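Notes for the one structure printed next.
FYI, it's all coordinate maths here, none of it is from the lab. This structure is a prediction, so every number in the text was calculated from the model and none was measured. Quick reminder, even Gly has a Cβ in these numbers, built from the backbone with ideal geometry, and neighbours come from all protein chains shown.
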Amino acid sequence: MPDALPVPDDLIALQCVLDAARAELDVYVSETEAARRLEYPDPEQIVERQTWPAEISERHLALRAAAAAAATAVRQHPTMQQALAEGCHPVTEQALKDAARAVDA
């Protein structure tokens, strides 16, 4: 497999935004599910527990849209497009994720 392409700082920044957006979405979903389990604890209340009110659903959709937009920005970056064309996308993507983790550490 070809080597990873060099990962520029602007792409690392985009990956950090994506990671943060995904983390925020994950936390929101976990917290919402936990709150709904407390509010509707009985097994027969599954429908109520899984049916989120409009304000919760709207926030969830907004967080999902933010994560999707961030993922699109990473995918459309010229370096990632070049990696796809050159057949080194997997190793470049891993190098990108490693670099973003190093920034967050």
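Structure summary
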{"item": "Under 15 Å, Cβ to Cβ, from Val74 - net charge with Lys/Arg +1 and Asp/Glu -1", "result": "-1"}
{"item": "Whole-angstrom Cα spans of the stretch 1-71 along principal axes, big to small", "result": "54, 27, 15"}
{"item": "DSSP H segments from the chain that extend 18 Å or more along their own axis, Cα-based, with Kyte-Doolittle mean of 0.0 or above", "result": "9-39, 54-76"}
{"item": "Neighbourhood charge, 14 Å Cβ-Cβ cut-off, centred on Cys16 and excluding it, Lys, Arg +1 and Asp, Glu -1", "result": "-3"}
{"item": "Net dipole in debye of the stretch 62-105 [+1 Lys, Arg Cβ; -1 Asp, Glu Cβ; about Cα centre; nearest 20]", "result": "180 debye"}
